[in-house]
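K.L.:
Below: one structure in structure tokens.
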Amino acid sequence: MRWLLAVMVLTGYFGVVEWAHHADIDGGTRFFTRFIASLVLLLLAGMWWVLYRPIRRRDRCLIAILVPLWLAGSTWFTHPTISIFNQLMGAFPWLCLLAVVWLWLSRRMASPSRAGGVAVLAMAVCGVMLSLRWNGLDGRQLSSYSWRWTPTPEEEFLRSRARPLVPANGLEPRPVVLRPGDWPGFRGRDRNGLVVGGGLADWANAPPQVVWRRKVGPGWSSCAVVDGLLFTQEQRGELELVVCYDAETGQERWTHGISTRFEEALAGAGPRGTPTFAAGRIYAAGAQGDLHCLAADTGEVLWSRNVLRENDGEVPQWGYAASPLVVDDLVIVFAGGTEGRGLVALDAASGERKWQAPAGRQSYASPHLVELDGVRQVVMSDNQALRGVSLEGSTLWEIPVTTRSFLPMLQPHVVGERDLVAACDNGGVARWEVRRRDETWTVTEKWRSLRLKPSFNDFYIHKGSIYGLDDGILCCLSLEDGQRRWKGGRYGFGQLLLLPEADQLLVVTELTGQIVLVAADSTEHRELAVHPGISGKTWNHAAFAGGRLYLRNGEELACFDCQADEASAGGRPGGTSGDETSIP
């Protein structure tokens with residue numbers, strides 16, 4: 001009977017964990033399910049051991065004291081990324097499994113030998129944890145580990161460089177102008193991720209070609225591509241950098257760095273926001289709220305401020321992730337400050353404060369310019385509300401958040417003149433009508449759906465349908481009522497682009513490094529082509545400019561020629577080598 005109980009407890013635990021990894025649930029529920037299952041296992045395993053009479057009480061008590069001490073105490077000597085949570089949710093379940101197997105195999109041995117075997121197993125498990133480095137989680141919260149003595153991708157990248165930085169000194173100033181087909185910031189021109197002005201080549205006969213690829217420092221920034229220049233942000237050791245590359249060759253042109261480093265165990269190191277181009281300038285916000293205005297051609301610092309510190313904000317758990325929004329002569333940023341300083345507008349040329357507006361204290365979304373009922377406004381989603389703010393800084397309307405744990409990460413979508421579709425505080429998406437009557441604004445909810453739980457993966461609206469990754473699986477909802485039309489294709493927690501003229505979605509997978517072309521078809525899930533992309537966990541949004549796809553993650557940056565035909569290339573030189581670009 002005691003063996004049956006042990007098998008039932010272990011089977012139940014590993015079954016619940018496996019279910020949580022694959023179930024159609026939100027990330028918070030997944031984490032708490034696994035955490036509670038680990039606590040229950042700890043309790044039941046302890047009770048089973050205390051009542052396991054074939055081993056003497058003295059030995060049982062000794063092991064019951066020593067094993068928790070070893071697991072908890074070894075955390076003082078493990079790699080800094082290994083915490084007590086890793087011990088509880090990673091090491092302890094496997095120790096329980098190994099201990100039960102050992103006790104069954106040794107059931108004819110004497111009590112001291114059997115108890116000693118359990119002690120040896122506990123020390124062995126602790127030894128393994130001492131040898132590991134935790135690399136964080138993927139979108140479904142599966143852990144990744146490496147041997148602690150192996151170099152990280154960042155360390156390998158820094159060792160391979162002939163020099164740490166490329167200074168701006170000696171660069172000839174030149175006008176940098178936004179051209180048709182450029183990608184000036186986070187998710188493109190209007191922050192909507194649309195690729196317009198032509199389709200892709202027939203990948204069956206002309207698959208994307210690697211123009212160049214190179215190693216980069218960690219960070220979850222996307223890329224801005226303007227006038228032949230590519231701008232992104234990286235972490236390199238203790239320096240947080242804004243980096244400019246030549247978009248045609250991948251060669252580094254200039255860097256601007258400050259001495260700061262943000263790092264957390266789950267997602268790693270580096271800045272999260274994407275640089276924004278406007279009027280010859282680059283605006284970039286680092287992971288701890290350092291906002292820089294730089295000359296796009298040379299990287300010269302025009303002004304810098306820390307929007308979090310100046311507004312009494314605080315660095316979010318996963319880092320400051322908002323990308324600056326430039327509207328007219330203003331740069332608008334989320335600051336999460338107190339006393340009505342949640343959303344802040346600065347003069348784009350000087351950095352002087354122009355206005356401030358109330359907002360929540362936490363958000364991983366970015367300010368978004370829209371037009372609702374004929375009025376241009378900034379929509380901001382934070383942990384208190386989804387709200388519209390006028391370009392003069394007054395709050396027009398808001399939809400309060402009712403779930404205190406809600407952490408918004410996505411951009412809204414405008415439908416028609418008055419409707420807004422956005423992530424909502426139950427983990428799904430919702431559609432509201434936002435209407436102006438004289439000077440009063442009203443908001444009416446049309447529907448709310450849990451059929452799409454997009455997490456941190458932005459979704460798209462096309463021809464009456466909503467397309468997005470529901471817990472890593474692509475799905476399609478009806479825009480009219482939020483009902484699901486289909487669900488299929490496990491791509492992980494990657495990102496999407498929409499090619500509206502071609503009725504296609506370009507999916508960048510999270511873990512397999514693939515670029516997948518999927519039909520934006522409301523009737524069925526249909527893959528059109530699959531192509532290798534970049535290696536490593538890819539949560540970064542893709543960029544598309546001039547017929548070329550730019551992909552990056554915390555390890556690699558690559559450019560792919562995806563143009564429909566040679567004539568559309570405009571005479572640009574194409575690359576054939578997949579090797580990393582050399583850096584002088």
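Values quoted throughout were computed directly from the atomic coordinates according to the rules given, and no laboratory measurement underlies them. Because the structure is a prediction, the values reported are computed rather than measured. All Cβ positions, glycine included, derive from the backbone under ideal geometry; neighbour counts span all protein chains shown.
K.L.:
Say each of A72 and E524 gets a label point 7 Å from the Cα, pointing the same way as Cα to Cβ; how far apart are those two points in nm?
P.N.:
About 5.8 nm, to one decimal.
K.L.:
Once the Cα atoms of helix 92-105 and of the chain are each reduced to a long axis, what angle between those two axes, in degrees from 0 to 90 to the nearest 10, is obtained?
P.N.:
It is inclined by approximately 30 degrees.
K.L.:
With only Lys, Arg, Asp and Glu charged, each at its Cβ (+1 for the first two, -1 for the last two), find how big the charge dipole of the chain is about the Cα centre; round to the nearest 20 debye.
P.N.:
The calculated dipole for the chain is roughly 3080 debye.
K.L.:
Can I ask one more? Between the range 181-195 and the range 504-532, how many Å separate their Cα centres?
P.N.:
Result: 20 Å between the Cα centres.
K.L.:
Take the alpha-carbon centre of the range 332-369, take the same for the range 282-296, and report the distance between them in whole Å.
P.N.:
Centre-to-centre distance over Cα atoms comes out at 14 Å.
K.L.:
How much net charge surrounds E339 when only other residues with a Cβ under 13 Å from its Cβ are counted (Lys, Arg +1; Asp, Glu -1)?
P.N.:
0
K.L.:
Report, in listed order, any pair from K215/K453; K487/K537; K453/K487 with a Cα-Cα distance greater than 21 Å. Walk me through the intermediate numbers first.
P.N.:
Values: K215/K453 32 Å; K487/K537 23 Å; K453/K487 12 Å.
Check vs 21 Å cut-off fails for K215/K453; K487/K537.
K.L.:
Order of 526-534, 328-336, 399-407 by packing, highest average Cβ count within 10 Å first? Present the calculation step by step, with values, prior to reporting the outcome.
P.N.:
Numbers: 526-534: 16.6, 328-336: 23.2, 399-407: 14.0.
Top to bottom by mean Cβ count within 10 Å: 328-336, 526-534, 399-407.
K.L.:
Here is a further query. Pull out a ≥ b ≥ c, the square roots of the eigenvalues of the alpha-carbon gyration tensor of the range 331-460, then state rounded if a/c is under 1.5, prolate if not and a/b is larger than b/c, and oblate in the remaining case. Numbers along the way, then the final one.
P.N.:
Values: a/c = 1.79, a/b = 1.29, b/c = 1.39.
Verdict is oblate for the range 331-460.
K.L.:
For every other residue with a beta carbon closer than 13 angstrom to the beta carbon of W102, add +1 if it is Lys or Arg and -1 if Asp or Glu, then tell me the sum.
P.N.:
Numbers: positive: R107, R108, R114; negative: none.
Spelling it out: positives minus negatives among the neighbours equals +3.
K.L.:
With runs of 4+ DSSP H residues as the only contributors, calculate the mean residue ellipticity of the chain at 222 nm using -39,500 (n - 2.57) per run, divided by the residue total and rounded to the nearest 500.
P.N.:
-6000 deg cm²/dmol
K.L.:
Take the Cα pairs of the chain, get the Kirkwood Rh, then feed it into Stokes-Einstein at 25 °C and 0.890 mPa s and tell me D in µm²/s.
P.N.:
95 µm²/s
K.L.:
Also, quick follow-up: Could you go through the range 235-246 in sequence order and give the Karplus-derived ³J(HN,Hα) for each residue, using 6.51 cos²θ - 1.76 cosθ + 1.60 with θ = phi - 60°, rounded to whole Hz, and x for Gly and Pro?
P.N.:
10, 10, x, 8, 10, 9, 10, 9, 10, 10, 10, 6
K.L.:
Next question, about the same structure. In whole Hz, with x marking every Gly and Pro, tabulate ³J(HN,Hα) for the range 457-470 from phi via Karplus 6.51 cos²θ - 1.76 cosθ + 1.60, θ = phi - 60°.
P.N.:
Working through the residues one at a time gives 9, 5, 10, 9, 10, 8, 6, x, 10, 10, 10, x, 8, 9 Hz.
K.L.:
Can you give me the Cα centroid spacing of the range 398-414 and the range 101-147 in angstrom?
P.N.:
42 Å
K.L.:
Using only Cα atoms, tell me the angle between helix 57-73 and the longest principal axis of the chain; keep it within 0 to 90° and round to the nearest 10.
P.N.:
It is inclined by approximately 20 degrees.
K.L.:
Please compute the net charge surrounding A115, taking Lys and Arg as +1 and Asp and Glu as -1 over other residues with Cβ under 10 Å from its Cβ.
P.N.:
Cβ neighbours under 10 Å give a net charge of +3.
K.L.:
From zero up to wherever the largest Cα-Cα distance of the range 329-389 sits, split into 5 Å bins and tell me the percent of pairs in each.
P.N.:
That works out to 4, 20, 28, 25, 17, 6, 1, in percent per bin.
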